[in-house]
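Following this message is one structure expressed as structure tokens.
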Amino acid sequence: MDWGMKNRISRILKPETGKTVMLAVDHGYFQGPTTGLKNVGKTIAPLLPYADALMLTRGILRTQVPAETDIPIILRMSGGSSVLFDDLSDEEIQVTVEEAIRLNASAITCSAFVGGANQRSTLTGLAKLVNEGERYGIPVLAVTAVGKDMVRDSRYLGLASRICAELGAHMVKTYYCEGFKKVTSSVPVPVVIAGGKKTPEKDALIKARAAIDEGAVGVDMGRNIFQSDSPVGMIKAVRAIVHEGVSVDEAYKIYQGEKRSKAAKSRKKK
Ligand code: 5RP
């Protein structure tokens, strides 16, 4: 691995712990104005100090993130479908690597729909992105997107994640599942988990703790942070799990403490 590639990866996987808290706000690329992301700039401003990297599209990066912001960018390169269309796998690479470089991306990312109608084109898109990434020293994060008909079990997610790594992805983002150790132990590159649909805060923290215990190097979490009743509390709590190894109960106290202190401040203002 050359110096540039290693340097970019080390901006995301923090050298002190080898772990990462990525904040995912790319949902609009197929969902439009997702709950909590109507005004992305406003949502992310208080969260950025606690995120190790920001995953988003070029449109949101250009318009919502001040260029002076010091955070590694993971740029979504794929798109082309929407929630109005039955087949979400109908997407392709739409951003050039030259533009990713101009936008100073630390990593580039796309979804791979293993077992879906567009398996071949999305995997070929991933492989091409890896070719380009290797040329310029930019790591590729592959996202194992799961079609409606697929079961999110360790057999499927292990297969999809391994295929992404075999095609050259430098990091893989997948979902947590029962028997997650089977997934991480057969993928030879760092694995992070998506948070998935919004769940009660404690459940999201249990999932993050279990993922780390079972070999993930971190999270790429969106809705369970920005849709929380205390987004800052949640990202601080997740951060403590990922980087400090705290228990679920300790992390939950961090979330509750932040929520309480914000409520107290807003009472004072009134
Ligand atoms: C969509 C994505 C999202 O970034 C991903 O789902 C992470 O967000 P969440 O934690 O809300 O699931 O990659 O394909």
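The values are calculated or read from the model by the stated rules, or taken from the named source; none is laboratory data. Note that this is a predicted model, so its numbers are computed, not measured. Positions of Cβ are generated from backbone atoms using ideal geometry, with glycine treated the same way; all protein chains shown enter the neighbour counts. When the accessible area is computed, the model is the full protein with side chains, heavy atoms only, and any ligands, DNA or RNA have been set aside. Shrake-Rupley method; radii C 1.70, N 1.55, O 1.52, S 1.80 Å.
Beta carbons within 10 angstrom, averaged per residue: use that to sort the peptides 15-23, 61-69, highest first.
15-23, 61-69
So how exposed is E98, as accessible area in Å² (1.4 Å probe, rounded to 10)?
80 Å²
Could I ask something else about it? Could you tell me the accessible area of S261 in Å² (1.4 Å probe, neighbours in place), rounded to the nearest ten?
Answer for S261: close to 50 Å² accessible.
In deg cm²/dmol and to the nearest 500, what is the mean residue ellipticity at 222 nm of the chain if only DSSP H runs of at least 4 residues count, each as -39500 (n - 2.57), divided by the residue total?
Roughly -13500 deg cm²/dmol at 222 nm, from the helical runs in the chain.
Would you grab the residues whose amide H sits under 5 Å from the one on K173? Only those 5+ places off in sequence or on another chain, please, with H modelled 1.01 Å from N.
Counting only residues 5 or more places away or on other chains, the set is A142, V143, T144, V192.
For T199, T109, give me the order by solvent-accessible area with a 1.4 Å probe, most accessible first, ignoring ligands, DNA and RNA.
Accessible-area ranking of T199, T109, largest first: T199, T109.
Sequence gap at least 6, Cα distance under 8 Å: using those rules, report the relative contact order of the chain to the nearest whole percent.
17 percent
Just to confirm the number: angle between the C-alpha axis of helix 154-166 and the first principal axis of the chain, 0 to 90 degrees, nearest 10?
60 degrees
Also, I was wondering about something else. Tell me, what is the Rg over Rh of segment 156-238, with Rh the Kirkwood radius over Cα pairs?
Computed over Cα atoms, the ratio is 1.00.
Here's another thing I want to ask about it. Give K42/K198; K197/K262; K182/K259 a once-over and call out the pairs whose C-alpha atoms are over 27 Å from each other.
Going by Cα-Cα distance, K182/K259 fall outside the 27 Å limit.
Compute the helix-to-body angle for 248-269: its Cα long axis versus the longest principal axis of the chain, expressed 0 to 90° and rounded to tens.
Taking the Cα atoms of the chain, the angle to 248-269 is about 60 degrees.
If you don't mind, there's one more thing I want to ask. Going out from 0 in 5 Å bins, what whole percent of all Cα-Cα distances in the chain drops into each bin?
1, 6, 13, 18, 20, 18, 13, 6, 3, 1, 1, 0
What is the list of residues in segment 136-172 whose amide nitrogen lies under 13 Å from a point 7 angstrom out from the Cα of S186, following Cα to Cβ?
153-166
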